[in-house]
Amino acid sequence: MKPDKPIYVTKPSLPPLEEFVPYLQQIWHSKILTNGGSFHQQLEQALCDYLGVKHIALVTNGTIALVTALQALCITGEVITTPYSFVATAHSLLWNGLKPVFVDVDPVTLNLDPDKIEAAITPQTTAIMPVHCYGHPCDVGRIQKIADTYALKVIYDAAHAFGVQCHGGSVLNHGDLSVLSFHATKVFNTFEGGAIICPDAKTKQRIDHLKNFGYVDEVTVVAPGINGKMSEFNAALGLLQLKGIDEALKKRQAIDAYYRKELARVKGIHCLSDVGETVANYSYFPILVRPEYPLSRDALFHKLQDNGIYARRYFYPLISDFPMYRGLASAAQSNLPVARKAASEVICLPIYPDLSIEQVDGILGVIVGNVGA
Ligand code: T4K
């Protein structure tokens, strides 16, 4: 049966509105709206405590976080990255005048394949920008080893990896910098927002300057920085959102487990498994639609839509197929067979805390064929 209301791939979690009102009153009263006010400072500290990281610089969104992270480390030349991500990953390189070099992904995790990184390194390579795709950790150990050998920086696009742990701590503690997104569609949202996780106070200070026009004081500007400051409104919401995050993650976990159990018996549907994480965040629920399934990936995608279920094909097309990238040698089809196959098979099914088991049953009904389009 078609649901009364459309079901989207995600729906943001929000606290009860009345709980936000006192925060708004405080903002109205203080008239401090931005530029590192009290909520901004409180949220930076609260996130350090919750995530188990040392330093966080809040910014306006994940894309500005990536752009700023690259600037903070003075990255030049070529950067090795994945084609299997949201366009913002590679766009952040172009915004810095850097050349993306696409390397194929691992068939199990769909993250950058460490076996293929070394062959892509040239004298111009200065950094690697891997993505913890769907919140599943990259092979952080092997990537660091390669980076150490070739003196490269590592900037993790951890936009999907809020709260994920591996190797006994936060996944965000790996690499030189990690970047989070707090967009409406993410596990933890501040409407729009993002952050850079830095290992030391000096790097954080540089990022704090870069996100504030390079401004140190009235008479001192140390870099051509941008305006990337998170407002007090977003920071206040973040503080409130943190109170509900554990509950939200638990609900996601239950939906993830239910999908997995029910889809295990569907021939031709492969669920991406958790690999490497000791604590997962269930941010997406990607399935791969293989030839043994009676419908093609696109036919299933459209059948879901016809039934009011707006799943998404994250990440199709590959970044390397977009016009601003496809002329690069590393964007060649023959260079990226694993990513290409995944992009042709993937559908991200709806997953969010308020999705009911009845709704999940409806989605599963379409997939297992009980519901016609
Ligand atoms: N790196 C990676 C790996 C990323 O995935 C992203 C963002 C970034 C970097 C950059 O971070 P930000 O600069 O965005 O902080 C969405 C998001 O806009 C984007 O943040 C996200 N990745 C990407 C994977 O997905 P769309 O075009 O699919 O979003 P949209 O508007 O179609 O939303 C999807 C569904 O969510 C809608 O059908 C309904 C629901 N929705 C959406 C919004 C915005 C709501 O219910 N409420 C909302 O406010 O890109």
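The values are calculated or read from the model by the stated rules, or taken from the named source; none is laboratory data. Note that the structure is a prediction, hence the values are computed from the model and not measured. As a convention, Cβ positions derive from the backbone with ideal geometry for all residues, glycine included, and neighbour counts pool all protein chains shown. Just the protein is used for accessible areas: all its heavy atoms, side chains included, with ligands, DNA and RNA removed. Shrake-Rupley method; radii C 1.70, N 1.55, O 1.52, S 1.80 Å.
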**Prompt:** Filtering region 1-19 down to residues that are away from the ligand (no atom under 16 Å from the Cβ) and modelled with pLDDT of 95 or more, which residue is surrounded by the fewest Cβ atoms within 10 Å (Cβ to Cβ)?
**Reply:** 18
**Request:** Scan region 107-117 residue by residue and report those that are out of contact with any helix residue (DSSP H, G or I) (no Cβ under 6 Å at 6 or more places or on another chain) and surrounded by fewer than 21 Cβ atoms within 10 Å (Cβ to Cβ).
**Result:** 108, 109, 115, 116
**Request:** Just give me the residues in region 33-64 being farther than 14 Å from residue 205 by Cα and aliphatic (A, V, I, L, M), in sequence order.
**Result:** 33, 43, 46, 47, 51, 53, 64
**Message:** I'm checking my understanding of the structure. Among residues of region 33-92 that are among the aromatic types (Phe, Trp, Tyr) and either without any contact (Cβ under 8 Å) to a residue 60 or more places away in the chain or away from the ligand (no atom under 11 Å from the Cβ) (or both), which one is most open to solvent (accessible area, probe 1.4 Å)?
**Reply:** 50
**Message:** Six or more apart or on different chains, Cβ atoms under 6 Å: show the pairs whose first residue is in region 301-320 and within 14 Å of the ligand (Cβ to nearest atom) and whose second is open to solvent by 60 Å² or more (accessible area, probe 1.4 Å).
**Reply:** 308/2; 308/6; 310/6; 310/8
**Complete:** Within region 317-346, the residues that are crowded, with 20+ Cβ neighbours inside 10 Å and over 21 Å from residue 114 (Cβ atoms) are 325, 345, 346
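Conditions (1) closer than 22 Å to residue 198 by Cα; (2) of a type in the set (A, V, I, L, M); (3) open to solvent by 60 Å² or more (accessible area, probe 1.4 Å); (4) in contact with a strand residue (DSSP E or B) (Cβ under 9 Å, 6 or more places away or on another chain), marked per residue:
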| site | (1), (2), (3), (4) |
| --- | --- |
| 94 | no, yes, yes, yes |
| 105 | no, yes, no, yes |
| 141 | yes, no, no, no |
| 150 | yes, no, yes, yes |
**Every pair of residues 6+ apart whose Cβ atoms lie under 8 Å, when the first sits in region 1-22 and is of a type outside the set (Lys, Arg) while the second is open to solvent by 90 Å² or more (accessible area, probe 1.4 Å) and away from the ligand (no atom under 16 Å from the Cβ)** = 15/243
**Request:** Check every one of the strands (runs of 3 or more DSSP E) wholly within region 134-201 and list those with 2 or more residues that are modelled with pLDDT of 95 or more, over 11 Å from the mean Cα position of the chain (by Cα) and within 14 Å of the ligand (Cβ to nearest atom).
**Result:** 194-198
**Prompt:** Pairs under 6 Å by beta carbon, first residue among the hydroxyl-bearing types (Ser, Thr, Tyr) in region 164-185, partner more than 16 Å from the ligand (Cβ to nearest atom), six or more apart or different chains?
**Reply:** 170/51; 170/52; 170/53
**Message:** I'd like the residue in region 202-228 that is part of a loop (DSSP other than H, G, I, E, B) and under 18 Å from residue 95 (Cβ atoms) and, out of all such residues, is nearest to the ligand (Cβ to nearest atom).
**Reply:** 228
